[in-house]
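> Take this structure first; my questions come after.
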């Protein structure tokens, strides 16, 4: 047997070790070196405060009594963690965005930073947690008593005394490491690390006992399997109601328990931690639960294990003489109990100081007495006193109740109590319509039913006349009996309480939310919560700027955050606004930021009240909300305008690029044109020079002279024609040409053109097919210019048409205000790839020598047609070369 | 007040990511269904107590849930810094 004194020494040594560890972690974090303190593994391990002494000892007892039902307590959290993407991620994001300090703060911040709600939640949490803390003290003293069974009476002492010592030690540790700083954003690194280490110890201890049981006391898994089948444990009967209710309760508890909220949301550093915990924490629970059943089965069958299944984890190794293992198991249980108490006390103390003490203090102060005291000191003392008070309450409960009830029952009562927060929390996260009145009504109804039908009955007979109430209902009203509400009997008391409290809670919450109208601050916060992912960084402002003096605010902030931190905050804000010094302009943004920062220290409701006081109660009104909404709409409109503008810019840029491309092309064309024209001019000039040289020489007979003179003359004519054409083209292109518009007849123009074109001698027979009836169209145009177009087209046809009998058909189709004239020959037409260039200058198709032109004809035609307000295009697929002229019936005079 | 319409179809990566988010939302429901299956057991009516088999079933489902959560969470935080799609957190019309 382990000497009792050794046990006490080991305990003290272990606690001292945790002290040192926490101290080192705090120092490392303060130096900024504690990155590993924020690792997902430490986070996951810290979540294991879920597994209290109730798990460590109680799960085995639970399994011995109710078989596999114990597992529901771990399945609920597994489901919630596996679904982290749905709920936890949002919760953590909101926790960070709003600097939430506790579960009460969360609910209060959501419902318009209401102190009433925060107070209700805080009170309920304290009431629910007190027995739970008592349970931890009880388990430690029970464990002590197992070891001390054989110690002399003098050494063993009183169980209550042991519990007192444990409570005092825990209070000291919690106060030392839990209330060092005020801003909850500076996390409790020391505490978290100590808890992570304790998590490893308890897991290791339980697995060690499990391994000993499976392989030491049995022959391995196969035999355990057989023993479970044969054991009385297997006789348990699954109660579907309890199975569902317990799974639900455990899932709700992991969201609502103050200590779980503390480690999961408040101490969270980033979402990566959560992602890892989503599978690692269920794995932890899995490992914790793995050996529970074997230990229970073997313990029940072991003659030396004693009568209390809750202590099998200790008594089995002791009965087998494995004192080291027993010691380890004891430390595991000790770890489970202490870590729960520490975190629960921190979380509750934060809630009590922020939501009960500070609001009362703010109200009691004389109105004129503005922030005279050091708020920081008051908050810290309030927190320290709260920790001590909470542990004292826990001890008192233990001492008065005598610690008789089975561990599991007490834990479940606490679960049902905190589960009452669930409708308000989930509704607040996902439903913008949830209001403060709804939340308050739901909480009050749910908590009342919980107290009446589960909490009070758990005491046995706490009040005179209670036995009568239990049996016959208050004042003899049968349908109000605590465990048979509305006359429905036969339900398991726990399922009964869960069902009625949660369903009526939800009903009241939804009902009151539907019929009440939220205050502006509630609507603001509702939007911030529900749409936390959508509206990140563009939060609506809850304040009007300008009303408060920056100096007053600084004075207040200093008293809460401490001078150094407050000054840094103000200096940063001033620098961001572009002013120097410590006093930024008091804008709505700045007030919002300051409030968030203060909320991290004293909770959102108190921070809001303080700023409201400093700013002279200038909180936001409905009109302000609408103004903000309008502002947002304006910003959106503005950004849309910007978008449209940028689109337009893009369009313009595209057009500019296009224009540039054309200009470059034109420049290339111009160069080509110049070189072409030099060539065209040079050819006749060369022959003129050559022949005039010959003429200058003596000894030429007359016939030769005439011949040479004729050549010179012909070349000169060609040159002149070329120059005429060029001149014509350039005049047309420059737009300086004046059109002689007058009323005329199309057939007259065509007749003139045909006559002119036919005058030139041709080698082949040539026919022109006309439709005199259709040609009789009156139009206003420049007849000379239009005739020139027809002459060019007909001449071209005569030059290029390769049919043995040349035929040109001129078809006229008059429209209402436009006239279409097709000039079609019967040759082989123009090849497809040349069709695009024929209207360009100097463009000639096929054998150039035959043509004898400079390739300006069609270019001139195009220019003329454009000047006349019409167009010319090549018309493919007509059997030969075909051109379509489109003409307006009357050219606008301005053209 | 009009809003810029989010794109109707997403690129392959974003599409995959959305479906993983869907899976992450479905996982707890699936887990709940599997873990509530014991409601249908009637241990009293089987010839021998089947607590051991039931326990094995529960632990197996549990293990699979852990595995699935681990795989999903790894994929979900692959691009934590990427700007969340405009409809993140809500079932958007994407894809």
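> To the nearest 0.05, what FRET efficiency results for residue A:161 and residue A:207 with a Förster distance of 41 Å applied to their C-beta separation?
E between residue A:161 and residue A:207, to the nearest 0.05, is 0.80.
> Using only the Cα atoms of the range A:739-888, build the gyration tensor, take square roots of its eigenvalues as a ≥ b ≥ c, and label the shape rounded, prolate or oblate: rounded if a/c is under 1.5, else prolate if a/b is larger than b/c, else oblate.
Since a/c reaches 1.5 and a/b is larger than b/c, the shape of the range A:739-888 is classed as prolate.
> Counting only other chains, what is the mean number of Cβ atoms within 10 angstrom of the Cβ of each residue in peptide B:29-39?
The mean count of partner-chain Cβ atoms within 10 Å per residue comes to 5.
> Using a 10 Å cut-off around each Cβ of peptide A:284-294, what is the average number of partner chain Cβ atoms that fall inside?
2
> Calculate, in nm to one decimal, what residue A:743 and residue A:35 gain on full extension: separation in residues at 0.36 nm each, minus their alpha carbon distance.
My answer for the length gained is 245.4 nm.
> Could I ask something else about it? Rounded, prolate or oblate: which fits the range A:630-711, taking a ≥ b ≥ c as square roots of the Cα gyration tensor eigenvalues, rounded meaning a/c under 1.5, else prolate when a/b beats b/c?
Prolate is the answer for the range A:630-711, as a/c is 1.5 or above and a/b outweighs b/c.
> Taking neighbour Cβ counts within 10 Å as the exposure measure, how do A:320, A:344 sort from fewest upward?
Lowest to highest Cβ neighbour count: A:320, A:344.
> Which whole-number percentage describes the relative contact order of the range A:739-888, with Cα contacts under 8 Å and a sequence gap of 6 or more?
Relative contact order of the range A:739-888: 24 percent.
> How high is the FRET efficiency from residue A:767 to residue B:16, r the C-beta distance, R0 56 Å, rounded to 0.05?
Using R0 = 56 Å, I get an efficiency of 0.15.
> Would you compute, for the Cα atoms of the range A:721-825, the largest minus smallest coordinate along each principal axis and list the three values in descending order, in whole Å?
The principal-axis extents, from largest down, are 42, 38, 18 Å.
> Hey, what angle do you get for helix A:323-352 against the long axis of chain A, alpha-carbon based, 0 to 90 degrees rounded to 10?
That helix lies at roughly 70 degrees to the long axis.
> Return the distance in nm (one decimal) between the two label points of a simple spin-label model at residue A:816 and residue A:721, each offset 7 Å from Cα along Cα→Cβ.
Simple spin-label model gives 4.4 nm for this pair.
> Work out the FRET efficiency for residue B:78 and residue A:430 from their Cβ-Cβ distance, taking R0 = 30 Å, and round it to the nearest 0.05.
With a Förster radius of 30 Å, E is 0.70.
> Once you keep just the Cα pairs under 8 angstrom separated by 6 or more residues, what percentage relative contact order results for the range A:1-136?
RCO, the range A:1-136: 14 percent.
> Also: Relative to the first principal axis of the alpha-carbon coordinates of chain A, what is the inclination of helix A:622-696, with its axis defined by its Cα atoms, in degrees from 0 to 90 and to the nearest 10?
30
> Among A:584-590, A:198-204, how do they line up by average Cβ neighbours within 10 Å per residue, starting with the highest?
Taking the mean over residues of other Cβ atoms within 10 Å, the ranking is A:198-204, A:584-590.
> Would you mind computing, in nm to one decimal, how far apart the modelled labels at residue B:40 and residue A:19 are, each placed 7 Å from Cα along Cα→Cβ?
Distance between the two pseudo-spin positions: 5.8 nm.
> Starting from 0.36 nm per residue, how many nanometres of slack lie between residue A:572 and residue A:714 once their C-alpha separation is accounted for?
Between residue A:572 and residue A:714, full extension yields 41.8 nm more.
> Further, regarding this structure: Just to be sure I understand: if I project the alpha-carbon convex hull of chain A onto a plane and average over all orientations, what area do I get in nm²?
Result: a mean projected hull area of 67.8 nm².
> Quick check: residue separation of residue A:587 and residue A:828 times 0.36 nm, minus the Cα distance between them. What number comes out in nm?
Going from the current span to full extension adds 78.4 nm.
> Here is a further query. Hey, what angle do you get for helix A:72-82 against the long axis of chain A, alpha-carbon based, 0 to 90 degrees rounded to 10?
Helix A:72-82 sits roughly 20 degrees off the main axis of chain A.
> Shielding of B:61-69 by partners, i.e. mean partner chain Cβ atoms within 10 Å per residue?
6
Values quoted throughout were computed directly from the atomic coordinates according to the rules given, and no laboratory measurement underlies them. Please read these numbers as outputs of a predicted model, since none were measured by experiment. When we count neighbours, we look across all protein chains shown, and the Cβ atoms used for this are built from the backbone with ideal geometry, even at glycine.
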